[in-house]
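Everything below concerns the one structure shown next.
The values are calculated or read from the model by the stated rules, or taken from the named source; none is laboratory data. Bear in mind that the values here come from a model prediction, so they are computed numbers and not experimental data. Because the Cβ atoms are built from the backbone with ideal geometry, glycine has one as well, and the counts that use them run over all protein chains shown. Only protein heavy atoms, including side chains, enter the accessible area calculation; ligands, DNA and RNA are left aside. Shrake-Rupley method; radii C 1.70, N 1.55, O 1.52, S 1.80 Å.
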Amino acid sequence: MHTISLKRILIYIVLLVTSFALLVGFTVNIISQVAQYEKSLHEQSLSYARIVAGNAASSLVFNDNATEKQRLNSLQNTDFIQHVHVYKLDETSNELTFFSSYNKQGLAPIPARFSKLDRLTTPQIQDNYIEVSQPVVLDGEVIGYVYLRGSLEQARLFMWRSIGIAAVVFVLTLLLCWLVTLRLRKTIVTPLDSVVDVISQVARDKNYSLRLAPSQLVEFDMMAHAFNTMLDRVQQHISRQRRAEEEASQLNTELERQVTQRTQALKESNSELLKTLEQLHQYQGQLVESEKMASLGDMVAGIAHEVNTPIGLSVTASTLLQDKLTVMQEKFDEKRISTSEFERFLSDCDENLQIIYRNLGRAADLVTSFKQVAVDQSSEVDRDIHIPSFMNDVLISVKPRRLDPEKFPIRISCPDNLTVRAKAGPLNQVLINLIVNSMVHAFDGYDHGQIDITFSMQNDTELEMVYADNGKGVPSDISRKIFDPFVTTKRGSGGSGLGLHLVYNLVTQVLGGNIHFFSEEKNGVEFIVRFPVTLVSNA
């Protein structure tokens, strides 16, 4: 960036402004003087022409050429007049004729100006002379004309003299301004140099104890006062900052000591927390396994209850049949059997055998379903799953935990021949936990409700299961963490909070799928489960 000195700027500005003002003033003055001088020349030339015309009237009347010649020669003492022509108007032809003339000594005569006389009644300035004409009048009649040419030499000398005087005054004025500017510059720049020196020293040495001296100039004195005030504040700020830095240094030292102590304590706490967290993970795993076993135990208890009924009926029927057989055997030994008694005996035997067969078949079906469910719950091996049959087995296994099927029905919707290859055990546990969760939580306090479970294939590679109930729903503060462990609305009432956490782990980690949860309070819940399968049949 180009820099320039304030000293030079001050001189340049003063000289430039002065020069411009002088040039304008002198130019206006010279133009005004020249115009005034030209006006005086016009008046002078008209005056001479009128005088010559007045004197020439008598000479033209008496045709006295010699007297006129002598009178015109008296103009030699006038430097202004160069040429004079006197023309006479012929009374007969009314034409002008040359009568007499005057030529300044050393100048050659000039031709007559008959054609210009009418235009020269007003003086006209040419390159180096001024010319004018005046009529010679006698008793109101024009008897001739006078033509006069004057010199402009005096006007030029006047103009050059004015220009010379202006130039001398211009130079002297500029010189005076330059001297005054030097004095003014010293007055202004000297305190400014002092200011610059102090500021440079403060910037270089960072010595904020320096101060600017007072100045006779009001502006510099105000600037010095403001700058000194700023230095005072800077010095106070630096002092406060140094004290603050010292205090901060002491605080940092103390803080580092405390941080070291607390870091050590934190390391010890973290170590204990890690151990505790590891134990919690172990406990969580144990709780999850306990939840599985509790679910299996509930299922075993339910199956035992379900199997006990048909077996008890079978035992009762077989006991009754044994009693009838004993009675019949006694009558047979005594040979007291009548035909009607034997027919009734055969009819009772058939009826009891059918009761025994029917109840034993029912018990066998329950045992088979229980066996399949038990195998599924303990196995994570892929097998072919016929979804309708699989759901029948699941509904049998959860029957002990279900509410009244008439008031709380479970509706299954899926193609009749939908068969997929997947892990049946995790899917079984997911369904059981969802159904039990609805029975325990969703319909608590309800006198009726419904569960809908829908199965469908997505792109022949993924099975989608939509599980929904119309129960009480889940509060918003619980729904955000529904799959977290130990989250339950039955805290203290037997709820462990691990059911849906187990569902989430089974779906995402074992089945390799994903699960989404939607719920509004008092509007039920909806779970959408998708996981990859191999489609076996869907005809």
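With a 1.4 Å probe rolled over the protein heavy atoms of all chains, the accessible area of His441, His501 falls in the order His441, His501, largest first. With every protein chain in place, what's the accessible area of Met222 (1.4 Å probe, Å², nearest 10)? Result for Met222: roughly 120 Å² accessible.
Restriction of the GluC sites (Glu not before Pro) in region 91-155 to DSSP coil positions whose beta-carbon has at most 16 other beta-carbons within 10 angstrom yields Glu91, Glu95.
Average 1/r across all pairs of distinct alpha carbons in region 42-163, invert it, and you get the Kirkwood radius: 14.8 Å.
For region 113-198, pairs of C-alpha atoms spaced more than 19 angstrom apart make up 68 percent of the total. What's the local net charge at Glu464, with K and R +1, D and E -1, over the other residues with C-beta under 14 Å away? Every neighbour counted, the sum reads -3. For region 394-533, the convex hull drawn through the C-alpha positions has a volume of 111 cubic angstrom per residue. When the GluC sites (Glu not before Pro) in region 397-495 are filtered for DSSP coil states and for at most 14 other beta-carbon atoms within 10 Å of their beta-carbon, the remaining sites are Glu406. For trypsin sites (Lys or Arg not before Pro), no site in region 132-169 is both called loop by DSSP and has at most 10 other Cβ atoms within 10 Å.
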